[in-house]
Amino acid sequence: MKYEPIYNELIKYMKTENIRLSEPLRDHVYTKLGGKADLFVTPESIEELQAALEIGKAHDLPLTVLGSGSNVIIKDGGIRGLTIGMGKLTNLSIEGERLHAQAGAAIIEASRLALDFGLSGLEFACGIPGSVGGALFMNAGAYGGQISDVLERATVMTQSGDVLMIDKGDLELSYRKTTFMDSDYIILEAEFKLDTADPVVIKAKMDVLTEARESKQPLEYPSCGSVFKRPPGHFAGKLIQDSKMQGVRIGGAEVSKKHAGFIVNIDNSTSKDYLDLIDLVRTTVKSTFDVDLDTEVIVLGEDE
Ligand SMILES: Cc1cc2nc3c(=O)[nH]c(=O)nc-3n(C[C@H](O)[C@H](O)[C@H](O)COP(=O)(O)OP(=O)(O)OC[C@H]3O[C@@H](n4cnc5c(N)ncnc54)[C@H](O)[C@@H]3O)c2cc1C
């Protein structure tokens, strides 16, 4: 596929710095591994997003959406077609007890803004390194809270460029599972309904959660956070720890010695190393405890 003609169409709508050919995606994801995107576009407005989608569709390009890249593993062969990075759509605003957040805004920033306005409900998200769109796509959660607890409605774009508003009641949101995983909607915005509360109390809660996260998670290494979902009746980290997998390495990927639920890119891991280690952990836990581990992390792209 020749991308130069598509590039020439895109520059009519977007700044050249927001259109990249053969873009190394390791620079855009938290695991710091994976191949290149054929075409990586970062729209600065809804109109630019619409134009990129239209051009991609006219050229039959497969579409991939990336938020902050904190819950994905990009395979070593990279991503064909059009990859849209949402990271430049970052508006946040408050209206009474409602917080409106564009998809590319960091959920951590949304949680800080809520604190500034004395609004409670997003404290659980104060250390989740994702975008609002990625957090909604995943129904991200921590320490007893999750996005579905505070979401009121979502605004999405279809791949034809139409904008729709969907109320929470019309979305299926459960533990790390959402309607969005079975749709091709691009999440544009989330509206959260929060509760007025004392900022001192909100801040104290956030401080406790930050301390818990920093003391337990290997934040000094690139990773995608918890690799596996919590299997019913168990904790993935405990099963992995009890399977004596901590410290096991394949290439540059290692099962974290600090938190068994994390796999860290300790020394220039390839995506293949990382994925092979995930498979090894799953088969070891299955043979030791007869428990199936499902991945929380999303794998995108092609093998090399
Ligand atoms: C150190 C660390 C700690 C973490 N802690 C937690 C935690 O406590 N709780 C938790 O739930 N998660 C945690 N995570 C995982 C991750 O931060 C969350 O899943 C986050 O919500 C992902 O958001 P993102 O923007 O990075 O999504 P990405 O990784 O960019 O994408 C994830 C998926 O969402 C899709 N997507 C992203 N944006 C959009 C959009 N606008 N429209 C449509 N689809 C979209 C992507 O296509 C992909 O399929 C952690 C990760 C790390 C690295």
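Taking the criterion of being among the aliphatic types (A, V, I, L, M) and away from the ligand (no atom under 12 Å from the Cβ), would at least one residue in segment 17-31 satisfy it? Talk me through it step by step, then tell me what you get.
Just the residues of segment 17-31 that are among the aliphatic types (A, V, I, L, M), to begin with: 19, 21, 25, 29.
Now narrow it down to the ones that are away from the ligand (no atom under 12 Å from the Cβ): 19, 21.
Looking through segment 17-31, at least one residue is among the aliphatic types (A, V, I, L, M) and away from the ligand (no atom under 12 Å from the Cβ).
Restricting the first residue to segment 107-131 and requiring it to be not assigned by TED's automatic domain parsing to the domain that holds R176, which pairs with a second residue that is modelled with pLDDT under 95 and not polar (S, T, N, Q) meet a Cβ separation below 9 Å and a spacing of at least six or different chains?
Short answer, once both residue conditions are applied: none.
Only residues that are closer than 22 Å to G69 by Cβ and either assigned to a helix (DSSP H, G or I) or near the ligand (Cβ under 8 Å from one of its atoms) (or both): list them for segment 147-163, please.
I147, V156
Would you be able to tell me the number of residues in segment 283-303 that are out of contact with any strand residue (DSSP E or B) (no Cβ under 8 Å at 6 or more places or on another chain) and either without any contact (Cβ under 8 Å) to a residue 12 or more places away in the chain or aliphatic (A, V, I, L, M) (or both)? Walk me through how you get there before you give the answer.
Of the residues in segment 283-303, the ones out of contact with any strand residue (DSSP E or B) (no Cβ under 8 Å at 6 or more places or on another chain) are 283-292, 303.
Now drop any that are not either without any contact (Cβ under 8 Å) to a residue 12 or more places away in the chain or aliphatic (A, V, I, L, M) (or both), which leaves 283, 285-287, 290-291.
Selection size over segment 283-303: 6.
For segment 266-294, how many residues are open to solvent by less than 20 Å² (accessible area, probe 1.4 Å), assigned to a helix (DSSP H, G or I) and in contact with a helix residue (DSSP H, G or I) (Cβ under 7 Å, 6 or more places away or on another chain)? Walk me through it before giving the result.
First pass over segment 266-294, keeping only residues open to solvent by less than 20 Å² (accessible area, probe 1.4 Å): 269, 271, 274, 277-278, 281, 285, 291, 293.
In the following step, the residues that additionally are assigned to a helix (DSSP H, G or I) were identified as 271, 274, 277-278, 281, 285.
Retained after the next criterion (residues that are in contact with a helix residue (DSSP H, G or I) (Cβ under 7 Å, 6 or more places away or on another chain)): 281, 285.
The qualifying residues number 2.
Residues that are touching a residue at least 24 places away in the same chain (Cβ under 8 Å), open to solvent by less than 10 Å² (accessible area, probe 1.4 Å), within 13 Å of the ligand (Cβ to nearest atom) and on the phi < 0 side of the Ramachandran plot: does segment 137-146 have at least one?
Checked segment 137-146: no residue is touching a residue at least 24 places away in the same chain (Cβ under 8 Å), open to solvent by less than 10 Å² (accessible area, probe 1.4 Å), within 13 Å of the ligand (Cβ to nearest atom) and on the phi < 0 side of the Ramachandran plot.
State which residue is most open to solvent (accessible area, probe 1.4 Å) when the search covers only segment 116-136 and only residues that are part of a loop (DSSP other than H, G, I, E, B) and within 12 Å of the ligand (Cβ to nearest atom).
Just the residues of segment 116-136 that are part of a loop (DSSP other than H, G, I, E, B), to begin with: 117-118, 121-122, 126-130.
Of the ones still in play, those that are also within 12 Å of the ligand (Cβ to nearest atom) are 126-130.
On the way: C126: 18, G127: 21, I128: 25, P129: 51, G130: 10 Å².
Restricting to residues being part of a loop (DSSP other than H, G, I, E, B) and within 12 Å of the ligand (Cβ to nearest atom), the top hit is P129.
The values are calculated or read from the model by the stated rules, or taken from the named source; none is laboratory data. Since we're looking at a predicted model, the values are computed, not measured. All Cβ positions, even for glycine, are placed from backbone atoms using ideal geometry, and neighbour counts span all protein chains on display. Keep in mind that these areas ignore ligands, DNA and RNA; they rest on the heavy atoms of the full protein, side chains included. Shrake-Rupley method; radii C 1.70, N 1.55, O 1.52, S 1.80 Å.
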